[in-house]
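This report refers to the structure that appears directly beneath it.
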Amino acid sequence: MENKLANFIRVKHIDSFQKLRFLLFLYQHPDENETARAFAERLYLGDVPLLEEIIIDLQKAGLVDCVADHCTLHDESDVRFCLGCLARVFEDPLARQKLLDQVGNNPSRVRYQESVYEYH
């Protein structure tokens, strides 16, 4: 799998817990199609302006599609595959902490660590 996941995080600018958590929520709920306000009230990731900013960033990165203020996960197999890998990493407490440390500290320095990110 080489550096695919680390490159995905870096290239798609997933540089905060809020972005990661929002993407994982959309991955786990693929039929969700809500406004930023509805997501903010439901997910407790910050206030509405913060979530609007996150959505704009993720839309620019090609991860979220928005139509008439309603947003959903971009439907692309590579996006879903990488988010599936991130979701599996997020389930393991040790791997999750390492991932959060990397995402929060400096996304340009995220490195793939085979011992932590195992794909099945």
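The values are calculated or read from the model by the stated rules, or taken from the named source; none is laboratory data. What you see is a predicted model, and the numbers here were worked out from it, not measured in a lab. No Cβ is skipped: glycine too gets one built from the backbone with ideal geometry, and neighbour counts run over all protein chains shown.
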Out of (1) surrounded by 13 or more Cβ atoms within 10 Å (Cβ to Cβ); (2) part of a helix (DSSP H, G or I); (3) more than 14 Å from the chain's Cα centre (by Cα), the odd one out for Asp101 is which?
(1)
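Hey, can you tell me all the residues within region 66-81 that are part of a strand (DSSP E or B) and more than 12 Å from Asn33 (Cβ to Cβ)?
The first filter runs over region 66-81 and keeps only residues part of a strand (DSSP E or B), leaving 66-67, 70-73.
The answer is none; no residue qualifies.
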Pairs where the first residue, in region 20-31, is in a helix (DSSP H, G or I) and the second is among the basic types (Lys, Arg), C-beta under 8 Å, 6+ apart
Tyr27/Arg80
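Restricting to region 56-74, name every residue that is farther than 16 Å from Val11 by Cα and without any contact (Cβ under 8 Å) to a residue 24 or more places away in the chain. Break it down into steps so the answer makes sense when it comes.
Going residue by residue through region 56-74, those that are farther than 16 Å from Val11 by Cα are 65-73.
Once the filter is applied, which keeps residues that are farther than 16 Å from Val11 by Cα and without any contact (Cβ under 8 Å) to a residue 24 or more places away in the chain, region 56-74 yields Asp65, Cys66, Val67, Ala68.
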Total residues in region 58-86, condition within 27 Å of Lys98 (Cα to Cα) and either of a type in the set (Ser, Thr, Tyr) or touching a strand residue (DSSP E or B) at 6+ places or on another chain (Cβ under 9 Å) (or both)
10
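Restricting to region 45-57, name every residue that is surrounded by 21 or more Cβ atoms within 10 Å (Cβ to Cβ) and in contact with a Phe, Trp or Tyr (Cβ under 7 Å, 6 or more places away or on another chain). Reasoning before the result, please.
Initial filter on region 45-57 (surrounded by 21 or more Cβ atoms within 10 Å (Cβ to Cβ)): 51, 54-55.
Of everything in region 45-57, those that are surrounded by 21 or more Cβ atoms within 10 Å (Cβ to Cβ) and in contact with a Phe, Trp or Tyr (Cβ under 7 Å, 6 or more places away or on another chain) turn out to be Leu51, Ile54.
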The number of residues in region 1-19 that are closer than 13 Å to Leu99 by Cα and not in a helix (DSSP H, G or I) is 3
Is it the case that region 32-46 has a residue that's within 14 Å of the chain's Cα centre (by Cα), within 23 Å of Gln97 (Cβ to Cβ) and modelled with pLDDT under 90?
yes
Answer with yes or no whether Lys19 is charged (D, E, K, R), modelled with pLDDT of 90 or more and surrounded by fewer than 14 Cβ atoms within 10 Å (Cβ to Cβ).
no
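Against the definition (touching a Ser or Thr at 6+ places or on another chain (Cβ under 8 Å) and surrounded by 15 or more Cβ atoms within 10 Å (Cβ to Cβ)), how does Val89 come out, yes or no? Steps first, answer last, please.
On the way: touching a Ser or Thr at 6+ places or on another chain (Cβ under 8 Å): no; surrounded by 15 or more Cβ atoms within 10 Å (Cβ to Cβ): yes.
So Val89 does not fit the description; no.
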